[in-house]
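Have a look at the structure below before the remarks.
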Amino acid sequence: MDIGLVMGPRNHPAHPYPLADVYQDYIDDVVRAERLGFDNAWVGEHRMTTDQWTPSPLTVLANMAARTSEIRLGTSVMCLPFHNPLRLAEDVVAVDILSRGRFNFGFGVGSQFEEFRTFEINSKERLGRTYESAAFIQKALGTDEEFDWEGKYYTFPKVRFTTRPVQEEIPFYASAMGPQSVGIAASRGYNLIAEAKDSWVEGLQNAGFDPATKKAQTLLPIVVANTTEEAWDVGLEGLLFHLNFYTLRKRLDGSTPDPAEATLTKQDIIDGRMAAVGTPDEVLEWISEFYAGLSPNQTGVAFQMRSAGMTTPAVTTSMELFAEHVVPELRKL
């Protein structure tokens, strides 16, 4: 079981602090994760949000690459509809070089109304744009020969991609959940940042890929402390902000959910099993049950251990307790 750390560097709007310090805290978390034996770390992307979510995960990952030497680093995820795929391919290669071949490229279709509106991208085009961009980037990374690209959304004549990655093949991870997206990801042999589905495994096999060579890493918020009460005390505010960010944001058509119906509570987190919160023993039991319900092809979980607003002492305690008491047992899964 691969043990990962996932994050979206950002503030809590209720009590923000300087972004330079915010970014440093998240970068320090990855340095700590490497010391504690985590396998990978992932940085997400959003923009124009009240929490100042970072719009530039590759820049953050470049800094993390300079501070680490072993842990794999990846995007979870780059929202491809908002990027020029040629420029993005160049930045992807740069991070792979700076990390000396430790980069995983995770991507998705985007989900934030404000981003589609401001970039003037039709949200109905998000799937097509995403997988055309991914195909172009894969092509560019795979050859140093000149080629022309003429797709539905992008045209690039006489591409000569001479800056080569360190890795022979940078792993591509699709955040694929719907049947169409899962089908495309499987047909191209992409790994998943999602729960592994039978349709993905079958699609890989049908396309001639060995599922045993592919990875599927899902995501889970987590808070570990010495007592159950302490875990909820230090983590609840951040967890509620994180989860309600998704339930209360505008839909892609611009409509707004009813807060009275969409706002989550602590009890909703417990009843819906939306996060693992508690002592090391409680968290181990929770994750073991969670993992047992996943596909045998699920290779790992990336844990969000710093929700917006959590203090560094609380995050440090959570990570260290998790690494000492929970991870050794999870490895056996």
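Figures for the structure shown
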| read-out | value |
| --- | --- |
| Filter result (more than 19 Å from the chain's Cα centre (by Cα) and either of a type in the set (S, T, N, Q) or under 15 Å from Ala231 (Cα atoms) (or both)) within region 274-308 | Val277, Gly278, Thr279, Pro280, Asp281, Glu282, Val283, Leu284, Trp286, Ser288, Ser295 |
| Looking only at region 171-202, and only at residues there that are of a type in the set (A, V, I, L, M) and farther than 18 Å from Glu132 by Cβ, the one that is most open to solvent (accessible area, probe 1.4 Å) | Met177 |
| Boolean, Glu34 is without any contact (Cβ under 8 Å) to a residue 40 or more places away in the chain, in contact with a Ser or Thr (Cβ under 8 Å, 6 or more places away or on another chain), more than 30 Å from Asn122 (Cα to Cα) and open to solvent by 10 Å² or more (accessible area, probe 1.4 Å) | yes |
| Filter result for Ser255 (under 23 Å from Ser175 (Cα atoms) and among the small types (Gly, Ala, Ser)) | no |
| When residues of region 49-63 are limited to those that are under 21 Å from Arg87 (Cα atoms) and not polar (S, T, N, Q), the one most open to solvent (accessible area, probe 1.4 Å) | Pro55 |
| Looking only at region 126-140, and only at residues there that are hydrophobic (A, V, I, L, M, F, W, C) and open to solvent by less than 10 Å² (accessible area, probe 1.4 Å), the one that is nearest to Thr163 (Cα to Cα) | Ala140 |
| Hey, Gly254 touching a residue at least 24 places away in the same chain (Cβ under 8 Å), farther than 17 Å from Arg331 by Cα and touching a Lys or Arg at 6+ places or on another chain (Cβ under 9 Å) or not | yes |
| Hits in region 232-254 - residues which are more than 18 Å from Met305 (Cα to Cα) and hydroxyl-bearing (Ser, Thr, Tyr) | Thr247 |
| Every pair of residues 6+ apart whose Cβ atoms lie under 6 Å, when the first sits in region 128-152 and is without any contact (Cβ under 8 Å) to a residue 40 or more places away in the chain and under 20 Å from Ala94 (Cβ atoms) while the second is polar (S, T, N, Q) and not in a helix (DSSP H, G or I) | Asp144/Thr162 |
| Test for Asp29: is it over 22 Å from Gly110 (Cβ atoms) and open to solvent by less than 60 Å² (accessible area, probe 1.4 Å) | yes |
| Filtered residue count, region 291-322, keeping only those that are open to solvent by less than 40 Å² (accessible area, probe 1.4 Å), at pLDDT 95 or above and assigned to a helix (DSSP H, G or I) | 7 |
| In region 203-230, residue most open to solvent (accessible area, probe 1.4 Å) [restricted to those that are free of Cβ contacts under 8 Å to residues at least 60 places away in the same chain and farther than 30 Å from Gly178 by Cβ] | Glu229 |
| Residues of region 89-125 satisfying the condition of being without any contact (Cβ under 8 Å) to a residue 60 or more places away in the chain, surrounded by 22 or more Cβ atoms within 10 Å (Cβ to Cβ) and over 19 Å from Ala302 (Cβ atoms) | Gly110 |
| Output for region 256-287, where each listed residue is open to solvent by less than 40 Å² (accessible area, probe 1.4 Å) and either farther than 30 Å from Glu324 by Cβ or in a helix (DSSP H, G or I) (or both) | Pro257, Ala262, Leu264, Ile269, Pro280, Val283, Leu284, Trp286, Ile287 |
| Pick from region 208-245, criterion assigned to a helix (DSSP H, G or I) and of a type in the set (S, T, N, Q), ranking: farthest from Ile270 (Cα to Cα) | Thr213 |
| Condition check for Thr155: polar (S, T, N, Q) and over 24 Å from Leu73 (Cα atoms) | yes |
| Tally of residues being small (Gly, Ala, Ser), farther than 18 Å from Val223 by Cα and in contact (Cβ under 8 Å) with a residue 40 or more places away in the chain across region 2-27 | 1 |
| Residue within region 28-49 that is part of a strand (DSSP E or B), among the β-branched types (Val, Ile, Thr) and touching a Pro at 6+ places or on another chain (Cβ under 6 Å) present | yes |
| Search result, residues across region 86-112 that are more than 19 Å from the chain's Cα centre (by Cα) and in a helix (DSSP H, G or I) | Leu86, Arg87, Glu90, Ala94, Ile97, Leu98 |
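The values are calculated or read from the model by the stated rules, or taken from the named source; none is laboratory data. The model shown is predicted, which means the values in this text are computed figures rather than measured ones. So basically every Cβ, Gly included, is an ideal-geometry build from the backbone, and we count neighbours across all protein chains shown. We work out accessible area using only protein heavy atoms, side chains counted, and drop any ligands, DNA or RNA first. Shrake-Rupley method; radii C 1.70, N 1.55, O 1.52, S 1.80 Å.
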